[in-house]
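Down below is the structure, laid out as structure tokens.
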Amino acid sequence: MSLTSFFDDKSDDEVLNAKILVCVKAIGTMPTSTSKEGDPVRTLNVVICDQSSEATLSVSGPVVSSAILWKEHSTILLLSSPAKRLGYNLTITARSLVEINPNVSEAEHLRRWSQHENCPINEPFPVALFDIEAIAHAPIRLQFTLASLDSFIRASPSQPHTGYLSVILTKLHLLSLWKRQQLFSMQCRCGQPIYANVRSGHCAACDTSEIKLRINANLVSEMTDETGAISSTSFFLPSTSPHPPPNRSKTTQVPSMSRQHSRRPSKILWTDEAWTQLLGRSPEQLAKLVLDTGDGSAQAQHNLNTLRYLEQRLMFMRVILLVGWTGDDEPGGRLAVLGVVG
């Protein structure tokens, strides 16, 4: 049963014979308390999740020595007869059984889903994975639709695929990302997402400076063709005047739990060359363009009009993309845009 079904069952604090397959999402703190006998007791709080919800699992006693070795977004737990506590909290009792990484296909599916959902907010492009020059000049060139690419990936998820997609850009967020100081982004090595309208940022969490930022992939939020649509935050979905920012060079720290669309990790990777071909300017030139858009001068108004014109020109434009699937050896698998050829 799912976590949602487990907590929706109001019959008892302990649902006998209940089995819940969950993934470890985060390892929390481990406070020490005192038992009735005066002995120290360690309790570890572990955030767990499935595709329906998430909850906190509290483990204590001998289980703690095993739980500290669990890996986030990798370790799968099969919980048998856990006990409910106030809120979305569970605990282990004498009747409970915890099976770690059970050998069932559902466990691998849940692990891939968790890794896919929690990919970095942005990351350096894996240049070693694709030989773009060789792919572009290959004698056999595959042209996909979104539906056929989906079928190829589902049939062989661990195998890289490359080919061409003819799509229409249906949702863009150039101006909205600029207003929110999120035009460039990157995930710090400590896990903190960093956003800014400049090419480098600073992480206040670990005090790392000069973090090189890349164009936020949510700039192109959705692309469609005649068979379906692909969103920057999920794969293969069914078809379905700005004010200047107060500080031009400000770096924005955003909590990772935010659910705003532009702050979610993108499932699509773009090369800098692909961005240059699409926008008609390099990331450095784009950063320079947006640098002088908030001082009220004639040049600032000209740059703002250029951004507005660029977004309007790209909206609903049909483009041909050279794309590649990274394979599931990369956490969760990512779709990479290698170039814009038309």
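Has region 132-153 got any residue that is modelled with pLDDT under 85, among the charged types (D, E, K, R), out of contact with any Asp or Glu (no Cβ under 6 Å at 6 or more places or on another chain) and outside any loop (DSSP other than H, G, I, E, B)?
Among the residues of region 132-153, not one is modelled with pLDDT under 85, among the charged types (D, E, K, R), out of contact with any Asp or Glu (no Cβ under 6 Å at 6 or more places or on another chain) and outside any loop (DSSP other than H, G, I, E, B), which makes the answer no.
Within region 300-342, take every residue that is within 27 Å of Lys179 (Cα to Cα) and among the aromatic types (Phe, Trp, Tyr) and give me the one that is surrounded by the fewest Cβ atoms within 10 Å (Cβ to Cβ).
Tyr309
Report yes if some residue within region 165-180 is assigned to a loop (DSSP other than H, G, I, E, B) and over 23 Å from Val340 (Cα atoms); otherwise report no.
As a first pass, look at region 165-180 and keep what is assigned to a loop (DSSP other than H, G, I, E, B): 173, 180.
Narrowing the set further to residues that are over 23 Å from Val340 (Cα atoms) leaves 180.
Checking region 165-180: at least one residue is assigned to a loop (DSSP other than H, G, I, E, B) and over 23 Å from Val340 (Cα atoms).
Would you confirm whether or not region 196-218 contains a residue that is surrounded by 15 or more Cβ atoms within 10 Å (Cβ to Cβ), among the aliphatic types (A, V, I, L, M) and part of a loop (DSSP other than H, G, I, E, B)?
Within region 196-218, one or more residues are surrounded by 15 or more Cβ atoms within 10 Å (Cβ to Cβ), among the aliphatic types (A, V, I, L, M) and part of a loop (DSSP other than H, G, I, E, B).
Condition first: surrounded by fewer than 20 Cβ atoms within 10 Å (Cβ to Cβ) and not in a strand (DSSP E or B). Now tell me which residues in region 55-69 satisfy that. Let's see the steps before the verdict.
Kept after step one, since they are surrounded by fewer than 20 Cβ atoms within 10 Å (Cβ to Cβ), are these residues of region 55-69: 56, 58, 60-66, 68-69.
Matches in region 55-69: Gly61, Pro62, Val63, Val64, Ser65, Ser66, Ile68, Leu69.
Pairs only if they're at least six apart or on different chains, beta carbon under 9 angstrom, first in region 101-118 and surrounded by 13 or more Cβ atoms within 10 Å (Cβ to Cβ) and outside any helix (DSSP H, G or I), second modelled with pLDDT under 85 and not charged (D, E, K, R); list them, first residue then second.
Matching pairs, first to second residue: Asn118/His73; Asn118/Pro265; Asn118/Pro331; Asn118/Gly332.
Which of the residues that make up region 35-54 are modelled with pLDDT of 85 or more, part of a strand (DSSP E or B) and over 13 Å from Ile92 (Cβ atoms)?
Hits for region 35-54 are Val47, Cys49, Glu54.
Does Thr91 count as touching a Cys at 6+ places or on another chain (Cβ under 8 Å), more than 15 Å from Lys19 (Cβ to Cβ) and either assigned by TED's automatic domain parsing to the domain that holds Asn17 or among the β-branched types (Val, Ile, Thr) (or both)? Give the derivation first.
Values: touching a Cys at 6+ places or on another chain (Cβ under 8 Å): no; more than 15 Å from Lys19 (Cβ to Cβ): yes; either assigned by TED's automatic domain parsing to the domain that holds Asn17 or among the β-branched types (Val, Ile, Thr) (or both): yes.
Judged against the criteria, Thr91 is not a match.
Quick one: how many residues across region 65-101 are within 26 Å of the chain's Cα centre (by Cα) and within 19 Å of Ser5 (Cβ to Cβ)? Outline the logic, then answer.
Of region 65-101, the ones within 26 Å of the chain's Cα centre (by Cα) are 67-78, 88-89, 100-101.
Still in the running and within 19 Å of Ser5 (Cβ to Cβ): 76-78, 88-89.
Total satisfying the criteria: 5.
Could you list, in sequence order, all residues of region 76-91 that are crowded, with 20+ Cβ neighbours inside 10 Å and in a loop (DSSP other than H, G, I, E, B)?
At the first step, the residues of region 76-91 found to be crowded, with 20+ Cβ neighbours inside 10 Å are 76-77, 79, 82, 90.
Once the filter is applied, which keeps residues that are crowded, with 20+ Cβ neighbours inside 10 Å and in a loop (DSSP other than H, G, I, E, B), region 76-91 yields only Pro82.
Only one of (1) touching a His at 6+ places or on another chain (Cβ under 6 Å); (2) over 18 Å from Asp225 (Cβ atoms) fails for Asp131. Which number is that?
Asp131 satisfies all of (1) touching a His at 6+ places or on another chain (Cβ under 6 Å); (2) over 18 Å from Asp225 (Cβ atoms) except (1).
Looking only at region 123-137, decide whether some residue is small (Gly, Ala, Ser) and more than 25 Å from the chain's Cα centre (by Cα).
From region 123-137, those small (Gly, Ala, Ser) are 128, 134, 136; that's our starting set.
Subset that is more than 25 Å from the chain's Cα centre (by Cα): 134, 136.
Scanning region 123-137, I find at least one residue that is small (Gly, Ala, Ser) and more than 25 Å from the chain's Cα centre (by Cα), so the answer is yes.
What number goes with the only condition from (1) charged (D, E, K, R); (2) within 26 Å of the chain's Cα centre (by Cα); (3) at pLDDT 90 or above that Arg313 does not pass?
Only one criterion in (1) charged (D, E, K, R); (2) within 26 Å of the chain's Cα centre (by Cα); (3) at pLDDT 90 or above is unmet by Arg313, namely (2).
Can you tell me which residue among Thr276, Thr271 is buried (at least 18 other Cβ atoms within 10 Å of the Cβ), at pLDDT 90 or above and touching a Ser or Thr at 6+ places or on another chain (Cβ under 8 Å)?
Working: Thr271 fails: touching a Ser or Thr at 6+ places or on another chain (Cβ under 8 Å).
Of Thr276, Thr271, the one residue that is buried (at least 18 other Cβ atoms within 10 Å of the Cβ), at pLDDT 90 or above and touching a Ser or Thr at 6+ places or on another chain (Cβ under 8 Å) is Thr276.
Report, by residue number, each residue of region 188-230 that is more than 29 Å from Met317 (Cβ to Cβ) and among the small types (Gly, Ala, Ser).
Gly191, Ser200, Gly201, Ala204, Ala205, Ser209
The values are calculated or read from the model by the stated rules, or taken from the named source; none is laboratory data. What you see is a predicted model, and the numbers here were worked out from it, not measured in a lab. Glycine also receives a Cβ, built like all others from the backbone with ideal geometry; neighbour counts cover every protein chain displayed.
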